[in-house]
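The values are calculated or read from the model by the stated rules, or taken from the named source; none is laboratory data. Worth saying up front: this structure is predicted, and the values here are computed from it rather than measured. Neighbour counts are summed over all protein chains in view; Cβ atoms, including those assigned to glycine, are modelled from backbone coordinates with ideal geometry.
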Amino acid sequence: MPLDPARPGGELPDLDGADEPRRASGRRRALATLGGSAAVVAGGAVLAMNPRVRAFFGDEAAVAGDATIAKPTDGSPTRPSGQQASTVRTYTEQNDSYMGSRGGEALKKNAPKGGRAFSGPAAAAAATKVTVKTVLAKDPELHLARRLTFGPTAAVLAEIKERGIDGWVRWQLEPEKIAPTKAELKLAELPTLKLSPEQLRDQRDQLNERGAQPEREMVDATIARQIWSDRQLFEVMVDFWNDFLHVAADFEGGEVYRNSFDRDVIREHALGSYPEMFLAANRHPALLLYLNQVDSRADAVNENLARENLELYSVGVDGGYTEADVRQAALLQTGRGIKDGSYVFRPERHYVGKVKILGFTHANNSADPEKAEAAIDAYLTYLALHPSTARYVAQNLAVRFVSDTPPKSLVDRLAKAYTSHRGRIKPVLLALFSSSEFWAAVGQKVRRPLEYLVATYRTLGVSPEAAPNHDNGGNQRTAYARGLRQIHDKLRELGHHPMGQPTPDGYPDVYLAWTSVGTMVNGWNEAHDLLAANRTVFTFARAEKLVATPPATAGAYVDALARRLIRQRLTDRERALILGVAGVSAGTKVDATFNGAITAVARAILASPQHHLR
């Protein structure tokens, strides 16, 4: 049951459906305490969450309109020619603006301060001591699985142990050598995935009649791969680039072109070369449509793509460019468009004349398609290899894999690797995973809503096959396709689904951007539904089957469930809170159903900070 904001006094919903008010109240308090601990950088320093969330977790100082929270400004800023771009940001809610709040300062105090490079990931792991405060186990194999996958599973941990840290990382960096899983092969049940833009355009009416939505099926498939693919690092990087070089799935034209952008730009280059990805994106109809480049011509310039190429996709808003640079770049990029569903260059629309952009100069003295496009590509390559781009990519990778406030030492090292390897991604990732900063940052990242839900599916071992008792009822779409859409719809409800941000900045990747009590409770409720195994589109293990041989006492059973679900021990306080959910003591005799409370107990473990952190 989702949070009801209309309840008097901000009363919490009945999270467990219990009829006994006193017991339900105790369960709510226990869940709130457990979940709220995920917002603590282990050790007790509560982050400056938004006021409603702080109040939910008992912060009496929380008041409406707390001035410590970074606030966006509405409306488009004026942009006088020549003004420094960083003074007139288009997107105020970037990672850095969140981290400028009081909560960001609290995070910085607990983050690793510096570090050094090692010969490889295993050497770095062995030599690094974890000194930050955290409730997560300081186990390097578990840390690796938490950060390089969408959630540890028994199979992933066994692979790391068998191959060793270095071997497993090398294996993950070569996804083309990893066999597709059964769930990935079942993606053939999504009829639009392999269709070209031309086919999608020509078959639009027939697909509509069948209820097929290409842009949504692409998101469905992305979710499936995040949950079930063995190419986990590749999928993490696909998610990273979909936020960095962001094109929303839901835009006018997305039903025809976004699938191809995912396949031919993001996935094609996710572990390859960012300059090549950037060039491919700037010739792709999806980006040209999304940012109105198709409307830009020499006598009526549209600056959208030129601006975002600078502000979001390369050097960043602090990269040193001015509004004059944006204007020059927009003139240079004129002529690129779409015809019959494919990229085309229109020389009659291209501006001819010398341009100077952020240190790049070009005569641009010909409308000949080959020469004009060469000039544009030379500029885009210059941007992709610019020192500010190296640092911007490095900063974002460090935020994704290390900490919301990554040490400058690491960002500098990654930027150097990016530059020396001319934007190739694998060497940058190897430098990252071979750094002490990565291994020292245990528990420094909180899962965003999508990451929480996907990790829940993974740790519960949900199978992509329909349950034996499933009745598809003559539906045109298979149980698998319908099940993926159900997850997709739930993620939309949580406000975080692949390629879902409508604006070009992509989703933020820091905890302070996601402090929503309603979203947290909604995630817990979804975990409850999965544990109850009431759905049949997939095969769910019932909660009483999670532990093969359940211990006979409540305390030992909770310990076994924690090892199964979060791969480590709970703290004594958390263990006591979870026993309180069932209203029993550690020594109480229980059966496999935890005397009827197994779903509530397992859901409480999935509300713990150990499951919210990665």
- Query: Among (1) closer than 28 Å to Trp241 by Cα; (2) crowded, with 18+ Cβ neighbours inside 10 Å, where does Lys339 come up short?
  - Reply: (2)
- Task: Please indicate, with yes or no, whether at least one residue in segment 467-489 is in contact with a strand residue (DSSP E or B) (Cβ under 6 Å, 6 or more places away or on another chain), of a type outside the set (S, T, N, Q) and under 25 Å from Lys545 (Cα atoms).
- Result: yes
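So which of Tyr511, Tyr507 is under 23 Å from Arg225 (Cα atoms) and among the hydroxyl-bearing types (Ser, Thr, Tyr)?
Details: Tyr511 fails: under 23 Å from Arg225 (Cα atoms).
Sole residue among the options that is under 23 Å from Arg225 (Cα atoms) and among the hydroxyl-bearing types (Ser, Thr, Tyr): Tyr507.
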- Item | Close pairs from segment 342-364: first touching a residue at least 40 places away in the same chain (Cβ under 8 Å), partner among the polar types (S, T, N, Q) and in a loop (DSSP other than H, G, I, E, B), Cβ under 8 Å, at least 6 apart | Arg349/Ser296; Arg349/Thr334; His350/Thr334; Tyr351/Thr334; Tyr351/Asn364; Val352/Asn364; Val352/Asn365; Val352/Ser366
- Message: Restricting to segment 487-527, name every residue that is within 19 Å of the chain's Cα centre (by Cα) and polar (S, T, N, Q).
- Response: Gln501, Thr503, Thr515, Ser516, Thr519, Asn522
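Here's the yes/no breakdown for (1) under 27 Å from His470 (Cβ atoms); (2) in a helix (DSSP H, G or I); (3) touching a helix residue (DSSP H, G or I) at 6+ places or on another chain (Cβ under 6 Å); (4) not small (Gly, Ala, Ser):
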{"residue": "Gly523", "(1), (2), (3), (4)": "yes, yes, yes, no"}
{"residue": "Ala527", "(1), (2), (3), (4)": "yes, yes, yes, no"}
{"residue": "Ala541", "(1), (2), (3), (4)": "yes, no, no, no"}
{"residue": "Thr549", "(1), (2), (3), (4)": "no, no, no, yes"}
- Item | Enumeration of residues in segment 474-488 that are part of a loop (DSSP other than H, G, I, E, B) and in contact with a helix residue (DSSP H, G or I) (Cβ under 6 Å, 6 or more places away or on another chain) | Thr478
- Message: Looking at (1) more than 21 Å from Ala306 (Cβ to Cβ); (2) touching a Leu at 6+ places or on another chain (Cβ under 8 Å); (3) not charged (D, E, K, R), which one does Gly353 not meet, given that it meets all the others?
- Response: (1)
- Note on the structure: The residue that is nearest to Ile566 (Cα to Cα), considering only those in segment 121-161 that are polar (S, T, N, Q) and out of contact with any helix residue (DSSP H, G or I) (no Cβ under 6 Å at 6 or more places or on another chain), is Thr134
- Item | Tally, over segment 417-455, of residues that are outside any loop (DSSP other than H, G, I, E, B), under 27 Å from Tyr511 (Cα atoms) and among the basic types (Lys, Arg) | 1
- Query: Has segment 440-452 got at least one residue that is surrounded by 23 or more Cβ atoms within 10 Å (Cβ to Cβ) and farther than 30 Å from Lys490 by Cβ?
  - Reply: yes
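Per-residue answers, yes or no, for (1) in contact with a His (Cβ under 6 Å, 6 or more places away or on another chain); (2) crowded, with 21+ Cβ neighbours inside 10 Å:
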residue: Leu291; (1), (2): no, yes
residue: Asp295; (1), (2): no, no
residue: Ala298; (1), (2): no, no
residue: Asn302; (1), (2): no, no
residue: Leu310; (1), (2): no, yes
residue: Val315; (1), (2): yes, yes
residue: Tyr321; (1), (2): no, yes
residue: Ala324; (1), (2): no, no
- Query: Just for segment 401-443: of the residues that are farther than 21 Å from Ala123 by Cα and polar (S, T, N, Q), which one is nearest to the chain's Cα centre (by Cα)?
  - Reply: Thr405
- State yes or no: is Arg458 part of a loop (DSSP other than H, G, I, E, B), within 27 Å of Gln172 (Cα to Cα) and at pLDDT 95 or above? no
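Conditions (1) of a type outside the set (D, E, K, R); (2) under 22 Å from Pro502 (Cα atoms), marked per residue:
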position	(1), (2)
Tyr290	yes, yes
Asp295	no, yes
Asn309	yes, yes
Ala324	yes, no
Gln328	yes, no
- Answer yes or no as to whether His350 is more than 20 Å from Glu303 (Cα to Cα) and in contact with a Ser or Thr (Cβ under 9 Å, 6 or more places away or on another chain). no
- Take Arg297 and decide whether it is over 25 Å from Arg346 (Cα atoms), out of contact with any strand residue (DSSP E or B) (no Cβ under 6 Å at 6 or more places or on another chain), of a type in the set (Lys, Arg) and without any contact (Cβ under 8 Å) to a residue 60 or more places away in the chain. no
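To keep it simple, each residue is scored yes or no on (1) polar (S, T, N, Q); (2) at pLDDT below 95; (3) buried (at least 18 other Cβ atoms within 10 Å of the Cβ).
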| position | (1), (2), (3) |
| --- | --- |
| Pro180 | no, no, no |
| Ala188 | no, no, no |
| Asp205 | no, yes, no |
| Arg216 | no, no, yes |
| Ile227 | no, no, yes |
| Phe244 | no, no, yes |
- Item | Hey, Ala467 in contact (Cβ under 8 Å) with a residue 40 or more places away in the chain, closer than 30 Å to Ala188 by Cα and surrounded by 23 or more Cβ atoms within 10 Å (Cβ to Cβ) or not | no
- Note on the structure: Flagged in segment 110-140 as among the aliphatic types (A, V, I, L, M) and part of a helix (DSSP H, G or I), in numbering order, are Ala122, Ala123, Ala124, Ala125, Ala126, Ala127
- Item | Residue pairs meeting the criteria (Cβ under 7 Å; at least 6 apart or on separate chains; first of a type in the set (D, E, K, R), in segment 558-585; second modelled with pLDDT under 95 and part of a helix (DSSP H, G or I)) | Glu574/Leu34
- Query: Does any residue of segment 494-511 turn out to be among the polar types (S, T, N, Q) and either buried (at least 22 other Cβ atoms within 10 Å of the Cβ) or part of a helix (DSSP H, G or I) (or both)?
  - Reply: no
- Look through segment 141-178, keep the residues that are part of a loop (DSSP other than H, G, I, E, B) and surrounded by 14 or more Cβ atoms within 10 Å (Cβ to Cβ), and return whichever of them is nearest to the chain's Cα centre (by Cα). Phe150
- Message: Let me spell it out: the conditions are (1) of a type in the set (A, V, I, L, M, F, W, C); (2) in a loop (DSSP other than H, G, I, E, B); (3) in contact with a helix residue (DSSP H, G or I) (Cβ under 6 Å, 6 or more places away or on another chain), and Leu491 meets all of them except one. Which number is the exception?
- Response: (2)
